[in-house]
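What follows is one structure encoded as structure tokens, with my remarks underneath.
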Amino acid sequence: MSRYLAVVGERCVACGACMKVCPKNAIAVKHGVRAVVSPEQCIGCGLCVKTCPAGIIKKVERE
Amino acid sequence: MKKKRWYDYLWIYTPVYLVLGMFNILFAWLGMIEFLIPLGIALFGGGKLFCNQYCGRGQLFDLLGNRLKLSRKKTPPRFLSSPWFRYGFLAFFMTMFILMIITTVHVFSGAQDLKQAVTILWTFKLPWQFAYHGTLLSPGVAQFAFGMYSIMLTSSILGFVTMVLFRPRTWCVYCPMGTMTQGICSLKEGK
Ligand code: SF4
Ligand code: SF4
Ligand code: SF4
């Protein structure tokens with residue numbers, strides 16, 4: 001397991017920019033409402049964090 | 001890099017649209033595609049597939065900002081993603097859209113003359129008669145085209161500016177179509 005994990009904040013606009021950059025297909029927009037991270041697949045690379053135009057994804061340390 | 005699919009080239013749509021409208025404004029009617037398809041997808045259970053996969057505008061800003069490095073890639077201001085701003089902008093956008101339809105109806109009925117101008121940012125009128133060569137139909141058809149083109153050009157300008165200033169797809173945060181389709185999906189999810 002990676003040390004870090006992406007976490008999507010409240011104000012997701014469901015644009016899908018994050019899922020386009022994720023190298024592991026670990027993040028996807030669900031039902032057109034918001035992006036959801038799959039913790040098993042996420043490697044905490046932070047690409048989505050830098051891409052999200054709403055600036056609402058955070059890289060956090062896994063528990 | 002992920003494997004490219006046919007729909008990864010839809011970014012071509014926006015530049016082609018804007019150029020066609022400089023030759024003949026009636027092409028502006030093609031803009032209806034960008035209204036009806038996303039709404040249709042959202043209404044019929046496809047979620048935000050349009051934004052996530054097919055929207056040429058989102059792809060174009062991605063291309064300009066990332067590939068051509070035109071974006072400063074700074075985190076956009078927080079207010080942009082607030083529901084107040086997003087739904088407020090949607091309401092404003094729809095109001096202007098309805099006013100445009102009313103003008104079109106007036107021109108159809110002959111109560112108002114056709115204005116051969118493209119309005120950017122809802123304020124500045126650009127003379128655009130060079131792209132109007134008459135129509136066999138009612139001048140109202142042309143009036144709608146001028147209105148539609150104004151909307152497309154305005155959103156391209158706003159999107160371009162925020163692409164440069166902030167992250168490439170900043171427009172997607174306050175894009176009225178994006179807000180509307182997400183709103184529909186949220187309602188359907190009952191959240
Ligand atoms: S941090 Fe990296 S692996 Fe995890 S969701 Fe974001 S882009 Fe994908
Ligand atoms: S890029 Fe950001 S706003 Fe867009 S879907 Fe992903 S988390 Fe949501
Ligand atoms: S938010 Fe607007 S510009 Fe962005 S992908 Fe969706 S429809 Fe296209």
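Details
- B:LEU39 being open to solvent by 30 Å² or more (accessible area, probe 1.4 Å), touching a Ser or Thr at 6+ places or on another chain (Cβ under 9 Å) and either under 24 Å from A:MET19 (Cβ atoms) or touching a residue at least 24 places away in the same chain (Cβ under 8 Å) (or both): yes
- Test result for A:VAL37, buried (at least 17 other Cβ atoms within 10 Å of the Cβ) and either of a type in the set (S, T, N, Q) or touching a strand residue (DSSP E or B) at 6+ places or on another chain (Cβ under 9 Å) (or both): yes
- Residue within the range A:36-45 that is within 27 Å of B:PRO176 (Cα to Cα), small (Gly, Ala, Ser) and either at the interface with chain B (Cβ under 10 Å from one of its Cβ atoms) or touching a residue at least 24 places away in the same chain (Cβ under 8 Å) (or both) present: no
- Selection of the range A:27-63 for residues being in a loop (DSSP other than H, G, I, E, B), over 22 Å from B:SER186 (Cα atoms) and either within 15 Å of ligand 3 (Cβ to nearest atom) or of a type in the set (Gly, Ala, Ser) (or both) yields A:GLY44, A:GLY46.
- Every test in (1) touching a Gly at 6+ places or on another chain (Cβ under 8 Å); (2) within 16 Å of ligand 2 (Cβ to nearest atom); (3) open to solvent by 70 Å² or more (accessible area, probe 1.4 Å) is passed by B:LYS74 save one, and that test is (1).
- Selection of the range A:9-27 for residues being within 8 Å of the chain's Cα centre (by Cα) and open to solvent by 30 Å² or more (accessible area, probe 1.4 Å) yields only A:MET19.
The values are calculated or read from the model by the stated rules, or taken from the named source; none is laboratory data. All values derive from a computational prediction rather than experimental measurement. For neighbour counting, all protein chains shown are included, and Cβ atoms are generated from backbone atoms with ideal geometry for every residue, glycine included. We work out accessible area using only protein heavy atoms, side chains counted, and drop any ligands, DNA or RNA first. Shrake-Rupley method; radii C 1.70, N 1.55, O 1.52, S 1.80 Å.
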